[in-house]
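Written below as structure tokens is the structure these notes are about.
The values are calculated or read from the model by the stated rules, or taken from the named source; none is laboratory data. Given the structure is predicted, the values throughout are model-derived calculations rather than measurements. We place every Cβ from the backbone using ideal geometry, glycine too, and count neighbours over all the protein chains shown. Remember, those area values only see protein heavy atoms, side chains included, never the ligands or the DNA or RNA. Shrake-Rupley method; radii C 1.70, N 1.55, O 1.52, S 1.80 Å.
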Amino acid sequence: MSKINQATQVAKTIIRKRSQIVSAPTLCPHVENLSEAKPYSEIPGPRPIPVLGNTWRLLPIIGQYDVSDVAKLSALFYKEYGKIVKLSGLVGRPDLLFVYDANEIEKIYRQEGPTPFRPSMPCLVRYKSMVRKEFFGELAGVVGVHGEPWRKFRSKVQKPILQVQTVRKYIEPIEIVTHDFIKSGSEDVYFYQNDGYEG
């Protein structure tokens, strides 16, 4: 059995098992296009070197990339590798996958289901659960958790936060802060078009 047929069978099995929760076309609308899919190993990106992987590229002084400017790094990745980029071989960390196609990003989010898994930043989790536990308590927020705790918290805050009158309250203060930020950093602000970005 070919890898494509195996992948199709796995996808169909998942659809069958989850059909009570989500209809098959919504869960995996691209099953019929698997014959065109490329393996994960073929996703373009910087090639890791033995032992150090790609970690060295992110180090100060010797590194190839400046991680303090993620927008510039993303523009470089997009320009050099295209709409999807894999940064693998990061010592002690999983691969990073950068997707620069809004349609593909939408498909990913729509297939996550009601309890998405989005690993949070370890420093933020530690801060909220240990350093400032007396302030945050058991409510770590939508950024510090994933899965069922994320769904519970999100379902409680989604309605009040997205009401028009609530949003209206914050438009002017956010505009003031944004204007001040742009004014104070106008010489240092990096614009994609200055580096040939054609997003």
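Go through the range 113-137 and count every residue that is surrounded by 11 or more Cβ atoms within 10 Å (Cβ to Cβ) and not in a helix (DSSP H, G or I). So that I can check it myself, show each step before the final result.
So in the range 113-137, the residues surrounded by 11 or more Cβ atoms within 10 Å (Cβ to Cβ) come out as 113-116, 118, 120, 124-129, 131-133, 136.
Then keep just the ones that are not in a helix (DSSP H, G or I); that gives 113-116, 118, 120, 132.
Final tally of qualifying residues: 7.
Sort through Phe98, Phe153, Phe136 and tell me the only one that's aromatic (Phe, Trp, Tyr) and free of Cβ contacts under 8 Å to residues at least 12 places away in the same chain. So that I can check it myself, show each step before the final result.
Working: Phe98 fails: free of Cβ contacts under 8 Å to residues at least 12 places away in the same chain; Phe153 fails: free of Cβ contacts under 8 Å to residues at least 12 places away in the same chain.
Going through Phe98, Phe153, Phe136 in turn, the sole match is Phe136.
Residue check: is Ser41 loosely packed, with under 13 Cβ neighbours inside 10 Å and at pLDDT 90 or above? First the steps, then the outcome.
Working: loosely packed, with under 13 Cβ neighbours inside 10 Å: yes; at pLDDT 90 or above: yes.
For Ser41, the condition - loosely packed, with under 13 Cβ neighbours inside 10 Å and at pLDDT 90 or above - is met.
Just to verify a result, which residue in the range 59-83, among those that are open to solvent by 50 Å² or more (accessible area, probe 1.4 Å) and in a helix (DSSP H, G or I), is nearest to Met121 (Cα to Cα)? So that I can check it myself, show each step before the final result.
Start the filter on the range 59-83 by keeping residues that are open to solvent by 50 Å² or more (accessible area, probe 1.4 Å), which leaves 59-62, 64, 66-68, 70, 72, 76, 78-81, 83.
Add one more test, that the residue is in a helix (DSSP H, G or I), and what stays is 70, 72, 76, 78-81.
Working: Val70: 16, Lys72: 21, Leu76: 24, Tyr78: 24, Lys79: 27, Glu80: 27, Tyr81: 26 Å.
The qualifying residue nearest to Met121 (Cα to Cα) is Val70.
So which pairs qualify, if the first residue must be in the range 112-131 and within 17 Å of Leu97 (Cβ to Cβ), the second must be surrounded by 13 or more Cβ atoms within 10 Å (Cβ to Cβ) and among the β-branched types (Val, Ile, Thr), the Cβ gap must be under 7 Å, and the two must be at least 6 apart or on different chains?
Short answer, once both residue conditions are applied: Ser120/Val143; Ser120/Val145.
Please indicate, with yes or no, whether at least one residue in the range 138-155 is within 21 Å of Pro44 (Cβ to Cβ), open to solvent by less than 80 Å² (accessible area, probe 1.4 Å) and either part of a loop (DSSP other than H, G, I, E, B) or touching a Lys or Arg at 6+ places or on another chain (Cβ under 9 Å) (or both).
From the range 138-155, those within 21 Å of Pro44 (Cβ to Cβ) are none; that's our starting set.
No, because not a single residue in the range 138-155 is within 21 Å of Pro44 (Cβ to Cβ), open to solvent by less than 80 Å² (accessible area, probe 1.4 Å) and either part of a loop (DSSP other than H, G, I, E, B) or touching a Lys or Arg at 6+ places or on another chain (Cβ under 9 Å) (or both).
Which one of Ile161, Ile171, Ile105 is part of a helix (DSSP H, G or I) and modelled with pLDDT under 85? Break it down stepwise before answering.
Working: Ile171 fails: modelled with pLDDT under 85; Ile105 fails: modelled with pLDDT under 85.
Residue meeting the stated conditions: Ile161.
Mind listing whichever residues of the range 47-94 are free of Cβ contacts under 8 Å to residues at least 40 places away in the same chain and among the hydroxyl-bearing types (Ser, Thr, Tyr)?
Answer for the range 47-94, where residues must be free of Cβ contacts under 8 Å to residues at least 40 places away in the same chain and among the hydroxyl-bearing types (Ser, Thr, Tyr): Thr55, Tyr65, Ser68, Ser74, Tyr81.
Find the residue count for the range 84-112, including only residues that are open to solvent by 50 Å² or more (accessible area, probe 1.4 Å) and either within 12 Å of the chain's Cα centre (by Cα) or not basic (Lys, Arg) (or both).
If we filter the range 84-112 for residues that are open to solvent by 50 Å² or more (accessible area, probe 1.4 Å), which is where we start, we get 84, 91-97, 100, 102-112.
Okay, now just the ones that are also either within 12 Å of the chain's Cα centre (by Cα) or not basic (Lys, Arg) (or both), so 84, 91-92, 94-97, 100, 102-106, 108-109, 111-112.
Selection size over the range 84-112: 17.
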